[in-house]
Amino acid sequence: IVAEVEVGADGGNGMLFTQGGRFGGHGFYILKGKPVYVWNLVDLERVRWEAPEKLTPGKHTIEFDLAYEGLGAATLAFNSSSGIGRPAEGVLKVDGKEVARQKMAHTVPLTLAWDESQDIGSDTETGVDDADYQPPFAFNGKIDKITLDIQRPQLSPEDVKKLEQAATAQGDKG
């Protein structure tokens, strides 16, 4: 996720992008001038990346990149859940400079809350972290552009072969 924003003297405050909410989801926002990214793992745990310093007034590019370590949901076609809920590493950047890096031990296995929304510039349902904000948490700066680059894991021919072999070996035991 890349957010191109402009903030005032306060460094900005409010939601840039969110999907999901209190019972599972993620939010990318500026809190009291500091960029924050939170993964809410079904209200059991929240993993947080936060810039150590407030943004200066003006234009900024804020990025969050999540590198997933699993094979993805395609493993389910082989009666294997081995590709979902795997670890991931997140990196938060401000103007191209890394400001926070952290590894998540696991991710949400399949889908985020179906009864929530995906929002840009505010949060119209429940918040991903009630300790940080209450909806609508409208962004007080200017959002020039939000870019989502979703790169789903792809099974290689070797992955498919291993999964087929495991499914055959399992037989009717599963």
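The values are calculated or read from the model by the stated rules, or taken from the named source; none is laboratory data. Because the structure is a prediction, the values reported are computed rather than measured. Using ideal geometry, Cβ is built from the backbone for each residue, glycine included, and neighbour counts are taken over all protein chains shown. To get the accessible areas, we keep the full protein, side chains included, count just its heavy atoms, and leave off ligands, DNA and RNA. Shrake-Rupley method; radii C 1.70, N 1.55, O 1.52, S 1.80 Å.
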Original post:
How much of ARG101 can a 1.4 Å solvent probe reach, expressed as accessible area in Å² and rounded to 10?
Top reply: 120 Å²
Subject >> Charge context of ALA105, other residues only, Cβ under 10 angstrom, K/R +1, D/E -1 >> reply: +1
**OP:** Can you figure out the FRET efficiency of GLU98 with ALA73, using R₀ = 41 Å and their beta-carbon distance, to the nearest 0.05?
**Re:** 0.90
Original post:
Pairing the Cα long axis of helix 157-170 with the longest principal axis of the chain, what angle in degrees results, from 0 to 90 and rounded to the nearest 10?
Top reply: 50 degrees
Subject >> Distance in nm between pseudo-label sites at ALA166 and GLU45 (7 Å out along the Cβ direction from Cα) >> reply: 2.1 nm
Original post:
Taking the Cα centre of segment 126-174 as the origin and placing charges on Cβ (Lys, Arg +1; Asp, Glu -1), which of LEU163, ILE150, PRO135 is farthest toward the positive end of the dipole?
Top reply: LEU163
Subject >> Under the Karplus curve 6.51 cos²θ - 1.76 cosθ + 1.60, θ = phi - 60°, whole-Hz ³J(HN,Hα) for segment 116-123, x wherever Gly or Pro sits >> reply: 10, 10, 10, 10, 10, x, 6, 10
Subject >> Alpha-carbon centroids, segment 106-174 and segment 39-87: separation in whole Å >> reply: 7 Å
Original post:
Say each of SER81 and GLN134 gets a label point 7 Å from the Cα, pointing the same way as Cα to Cβ; how far apart are those two points in nm?
Top reply: 3.7 nm
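What does the net charge come to around GLY58 if you take all other residues with beta carbon closer than 13 Å to its beta carbon, with K and R at +1 and D and E at -1? Intermediate results must be reported in sequence, preceding the final value.
Numbers: positive: LYS54, LYS59, LYS142; negative: GLU4, GLU6, ASP10, ASP95, ASP144.
Here the charged neighbours net out to -2.
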**OP:** Calculate, for segment 27-135, the solvent-accessible area per residue in square angstrom, rolling a 1.4 angstrom probe over the heavy atoms of the protein chains.
**Re:** 52 Å²
Subject >> Alpha-carbon Debye profile of the chain, log10 I(q)/I(0) at 0.14, 0.17 Å⁻¹ >> reply: -0.75, -1.00
**OP:** Please identify, among SER82, SER117, SER156, the residue showing maximal mean-square fluctuation in a Gaussian network model of the chain using a 10 angstrom Cα cutoff.
**Re:** SER156
Original post:
Taking a probe of 1.4 angstrom, what is the accessible area of LYS142 in Å², to the nearest 10?
Top reply: 110 Å²
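Going down the list LYS32/LYS97; LYS103/LYS142; LYS103/LYS161; LYS32/LYS93; LYS103/LYS145, which pairs span over 22 Å between their C-alpha atoms? Before the final figure, lay out each step's value.
Details: LYS32/LYS97 20 Å; LYS103/LYS142 30 Å; LYS103/LYS161 29 Å; LYS32/LYS93 17 Å; LYS103/LYS145 27 Å.
The answer is LYS103/LYS142; LYS103/LYS161; LYS103/LYS145.
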Original post:
Got a number for carbon plus sulfur as a percent of segment 1-85's accessible area, 1.4 Å probe?
Top reply: 53 percent
